[in-house]
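Participant: Okay, handing you the structure first.
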Amino acid sequence: MSFCEAVRKTATRLDHHMQRREQKVLIVTSVSENEGKSSVAANLALALAEKGRKVLLIDVDLKKPALYKVFEKQQENRKYLSDYLEKKAGVKDVLFYEKKERIYTVFQKKGIHNAAKYLDSPEMGALIDAGRKKMDYVILDTPPMSVSSDAELMLKMADNAVLIVRQDWTDVGQQTMLPTPSVRRALISQALF
């Protein structure tokens, strides 16, 4: 219950903060793996949908995608983000409305090589721009910052960022793996709290 309440409280703060600044695109990232980043991204999307917001949740972790597991979509025959980015599918083919959860999703099922090339593509920009126009919020679940530079790459397309740090888990020594000073300043300037 405390986790659910904490997520709802955070979603309320995000909603207030981002609406006041007319922001729509949010990155959710972490320092390292297994810190609960995808769970937080999914639960923020659900909490915002509970408030009546139109939310698009995109799994842009092209290294180790997890949102399809969180939403139990392993067995479904569907197109994924990489299909769209490789021009094998259109936006309508990869965009799904999850009726039960009342959110829109774009999932990725398997990791791909050279993810940065795809994330920095005009197709990715077009997908986020379309979400910006039609949704109240677009939430991007990115890879951890110590694993790849994809989260840093996605910062230029986002309005705000949430950095997940698991208590008593992330080693202080990993701060050397965090983004460059200019990106850290951007993250700090976008901080909510």
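The values are calculated or read from the model by the stated rules, or taken from the named source; none is laboratory data. Since the model is a prediction, treat every value here as computed from it, not as a measurement. Positions of Cβ are backbone-derived with ideal geometry, glycine not excepted, and every protein chain shown enters the neighbour counts. In case anyone asks, the SASA skips ligands and DNA or RNA and just uses the protein heavy atoms, side chains included. Shrake-Rupley method; radii C 1.70, N 1.55, O 1.52, S 1.80 Å.
Participant: Condition (residue is in contact (Cβ under 8 Å) with a residue 60 or more places away in the chain, closer than 18 Å to residue 162 by Cβ and either buried (at least 17 other Cβ atoms within 10 Å of the Cβ) or acidic (Asp, Glu) (or both)) applied to the range 45-52: is it met by at least one residue?
Facilitator: Checked the range 45-52: at least one residue is in contact (Cβ under 8 Å) with a residue 60 or more places away in the chain, closer than 18 Å to residue 162 by Cβ and either buried (at least 17 other Cβ atoms within 10 Å of the Cβ) or acidic (Asp, Glu) (or both).
Participant: If you check residue 146 against the conditions, is it open to solvent by 30 Å² or more (accessible area, probe 1.4 Å) and not hydrophobic (A, V, I, L, M, F, W, C)? Show your work before the answer.
Facilitator: Values: open to solvent by 30 Å² or more (accessible area, probe 1.4 Å): yes; not hydrophobic (A, V, I, L, M, F, W, C): yes.
When the stated conditions are applied, residue 146 passes them.
Participant: Return a yes/no flag: does the range 81-104 have any residue that is aromatic (Phe, Trp, Tyr), open to solvent by less than 40 Å² (accessible area, probe 1.4 Å), closer than 24 Å to residue 40 by Cα and modelled with pLDDT of 95 or more.
Facilitator: No, the range 81-104 has no match at all.
Participant: Report, ordered by the first and then the second residue, all pairs with beta carbons closer than 7 Å, sequence separation of six or more or different chains, a first member in the range 77-103 that is more than 20 Å from residue 135 (Cα to Cα), and a second member that is open to solvent by 20 Å² or more (accessible area, probe 1.4 Å) and part of a loop (DSSP other than H, G, I, E, B).
Facilitator: Filtered contacts from the range 77-103: 82/112; 89/79.
Participant: So, residue 24, is that one closer than 17 Å to residue 161 by Cβ and at pLDDT 90 or above or not?
Facilitator: Working: closer than 17 Å to residue 161 by Cβ: yes; at pLDDT 90 or above: yes.
So residue 24 fits the description; yes.
Participant: Quick one: which of 108, 74 is assigned to a loop (DSSP other than H, G, I, E, B), open to solvent by less than 20 Å² (accessible area, probe 1.4 Å), farther than 18 Å from residue 135 by Cα and out of contact with any Gly (no Cβ under 8 Å at 6 or more places or on another chain)? Give the derivation first.
Facilitator: Working: 74 fails: open to solvent by less than 20 Å² (accessible area, probe 1.4 Å).
Every option except 108 fails the conditions.
Participant: If you don't mind, there's one more thing I want to ask. Within the range 126-158, track down each residue that is of a type outside the set (A, V, I, L, M, F, W, C), at pLDDT below 95 and touching a strand residue (DSSP E or B) at 6+ places or on another chain (Cβ under 6 Å).
Facilitator: Going through the range 126-158, the residues of a type outside the set (A, V, I, L, M, F, W, C) turn out to be 129, 131-134, 136-137, 141-144, 146, 148-150, 152, 156.
Going one step further and asking which of them are at pLDDT below 95, we end up with 142-144, 146, 148-150, 152, 156.
Of everything in the range 126-158, those that are of a type outside the set (A, V, I, L, M, F, W, C), at pLDDT below 95 and touching a strand residue (DSSP E or B) at 6+ places or on another chain (Cβ under 6 Å) turn out to be 142, 144.
Participant: Separate question: Looking at (1) out of contact with any Lys or Arg (no Cβ under 6 Å at 6 or more places or on another chain); (2) small (Gly, Ala, Ser); (3) part of a loop (DSSP other than H, G, I, E, B), which is the one condition that is false for residue 42?
Facilitator: (3)
Participant: Which condition does residue 60 not pass, out of (1) under 13 Å from the mean Cα position of the chain (by Cα); (2) over 21 Å from residue 91 (Cα atoms); (3) crowded, with 17+ Cβ neighbours inside 10 Å, if it passes all the others?
Facilitator: Condition (2) is where residue 60 drops out.
Participant: Would you pick out the residues in the range 18-37 that are in a helix (DSSP H, G or I) and crowded, with 24+ Cβ neighbours inside 10 Å?
Facilitator: Step one: of the range 18-37, the residues in a helix (DSSP H, G or I) are 18-20, 37.
Passing the criteria: only 37.
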